[in-house]
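The structure under discussion appears below in the form of structure tokens.
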Amino acid sequence: MKIIKAVFISASLLLSPYATAGIYSDDLARCLVEKSSSDDKITLVRWMFSAMSLHPAVTTIAPVAADKRDANDKAMAELIVSLLTETCLDQSKKAIQYEGAIAIQSSFEVLGKVAAQELFSNPDVAQGLSNLQKHFDA
């Protein structure tokens, strides 16, 4: 089950694998995680799911209506702006100044991982993941 979680988290981040963290992006990531509410993390997960639902391999099992996708995009854009320009403004400024735009990317990668962990901690999701084991021959 840990492998499934790792694969899902990696695939769901939709971010470049080349993002590297420095001390300022670490500070920004810490702020994003600590100051994001549960609702903020749900907004992020919904946006990731909405984007992933566009992949041809899953469009038939997880369709997201265009208006819902647009609403998720809007909510995520508002969240990003709020986090970077209000909630974590000082950390954002320093991260961009000293490490560039990649700091934003790597910081949101951390937030995405935390949000995905919260998603997987839901009992219904955990049960759904554990259903896989019934299809293995022990």
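Each reported figure results from applying straightforward, stated rules to the coordinates on display, with no laboratory input. Here the structure is a predicted model, which means the values were calculated and not measured. Quick reminder, even Gly has a Cβ in these numbers, built from the backbone with ideal geometry, and neighbours come from all protein chains shown.
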Fill in the blank from the handout: Lys and Arg at +1, Asp and Glu at -1: neighbours of A75 with Cβ under 14 Å from its Cβ sum to -1
Completion exercise
Computed from every Cα-Cα pair in segment 30-138, P(r) in 5 Å bins starting at 0 and rounded to whole percents is 2, 11, 17, 19, 18, 14, 9, 6, 3, 1, 0
Exercise for the section: Kindly write out, for segment 68-77 in residue order, the coupling ³J(HN,Hα) from the Karplus curve 6.51 cos²θ - 1.76 cosθ + 1.60 (θ = phi - 60°), rounded to whole Hz, with x marking Gly and Pro. Expected result: 5, 4, 4, 5, 5, 4, 5, 4, 5, 4
Exercise for the section: Give a residue-ordered list of calculated ³J(HN,Hα) values for segment 92-109 (Karplus: 6.51 cos²θ - 1.76 cosθ + 1.60, θ = phi - 60°; whole Hz; x for Gly, Pro). Expected result: 5, 4, 5, 4, 5, 4, 9, 10, x, 4, 4, 5, 5, 4, 5, 5, 6, 4
Problem - Fully extended contour minus Cα-Cα distance, from E118 to T59, at 0.36 nm per residue - result: 18.8 nm
Fill in the blank from the handout: Expected vector for segment 114-128, Karplus 3J(HN,Hα) from phi with 6.51, -1.76, 1.60 and θ = phi - 60°, integer Hz, x for Gly and Pro, equals 5, 4, 5, 4, 5, 4, 5, 7, 5, x, 5, 5, 4, 5, x
Handout entry: Point-to-point label distance, S130-R30, nm (Cα→Cβ direction, 7 Å offset)
Key = 3.5 nm
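Of K74/K94; K35/K74; K74/K113; K113/K134, which sit over 32 Å apart, Cα to Cα?
none
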